[in-house]
Structure formats: structure tokens, C-alpha cells
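A quick write-up on the structure given underneath.
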Amino acid sequence: MRITSRLIVAALIAGSLAMSGCAYNSSSADVYTASQAQREETVRMGTVDSVRAVKISSNNGQPSGLGAIGGGALGAVAGSRIGGGTGAIVTGIIGGLAGAVAGNAVENGVAVHDGLEVTVRLDNGDMRAITQSATGEIFRAGERVRLLSSGGVTRVTH
């Protein structure tokens with residue numbers, strides 16, 4: 001029985017990690033999808049008006065549920081090891097609930113990364129605000145930048 005529950009937990013963890021690896025979704029100015037490569041982009045020049053730090057959620061605030069399922073399974077297995085008989089069932093249920101809550105919180109935390117909101121005054125006077133992942137590239141008010149746009153995606157670069 002112990003080997004079976006360990007195999008189930010291992011399978012859930014491996015599945016969660018595999019699925020989260022497939023969900024890579026970058027809003028970085030440095031990352032292009034295969035469909036964005038080798039496409040012509042419109043280039044507009046402008047001046048940075050302001051920059052502010054933001055958080056970007058790669059799951060749009062909607063967890064997949066894998067964190068809750070994996071956490072719940074781990075919590076249930078760990079909780080059921082405490083006590084015996086009815087006590088093991090109760091602690092398994094409590095462990096499962098606590099693990100699901102913790103797993104969901106971990107999944108949401110992993111899905112959030114640092115970003116920048118860069119407001120640019122274009123040479124024609126129009127203002128644009130672009131939010132993208134923070135990659136270490138530093139933007140300062142008053143400096144010249146390029147806005148690269150194609151297919152509804154705009155990036156700010158030097």
C-alpha cells in the first residue's frame with residue numbers, strides 16, 4: 001500500500017512539473033514565438049515619459065488546478081501517516097485540504113514575475129504604454145526608444 005501511494009504522488013508531481021513547463025508564456029521584449037520570427041514589424045521612435053515596476057501573471061490569475069491537486073495529494077498522503085484507523089482518515093482529509101490550499105498558493109506565486117510598464121511619447125505626440133517582462137534592460141524618462149509592433153504585440157527596446 002505504501003509503494004502505491006508513493007507512486008501516485010510521484011506521478012502527480014511529475015505531471016504537474018511537466019504541465020507547468022509547457023505553459024511558458026513570456027511577455028519579454030527579448031523573447032519571440034516561432035510565429036513572430038521573420039515577420040516585418042512596424043518601428044516607431046519615441047521618448048520614455050515614465051517607467052514603473054509591475055507584476056505580470058502568466059496564468060491570468062486563473063490557476064490550472066495542478067498546484068491544488070498535487071498539494072492536496074501530498075497533504076493527504078502525509079496526513080494519513082499520522083495516527084491510525086479513523087484518526088488517519090481525519091488527518092488525511094485535513095492534510096489534503098491544507099495541501100490543496102498551499103499548492104494553489106505556490107502555483108499562483110510561481111506564475112507571477114516582474115515586469116515594467118513603459119509609457120512612451122511618440123514623435124508624433126501620441127502616448128503609448130507598453131507592459132513587458134523586466135529583463136534587466138533599463139529604461140529612463142527622457143531617453144529615446146523604439147517601439148516594435150507586429151500582430152498586436154508591441155515591444156519597447158533601445
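Rule-based calculations on the coordinates, nothing more; no lab input. These numbers come from a predicted model, not from an experiment. Cβ sites come from the backbone with ideal geometry, for glycine too, and all protein chains shown count toward neighbours.
Each other residue within a Cβ distance under 13 Å of Arg121 adds +1 if Lys or Arg and -1 if Asp or Glu, for a net charge of -1. In this calculation the C-beta distance from Ala129 to His158 is compared with R0 = 22 Å, giving a FRET efficiency of 0.80.
Count Lys and Arg as plus one, Asp and Glu as minus one, and take only other residues whose Cβ is under 13 Å from that of Ile130; the net charge is then +2.
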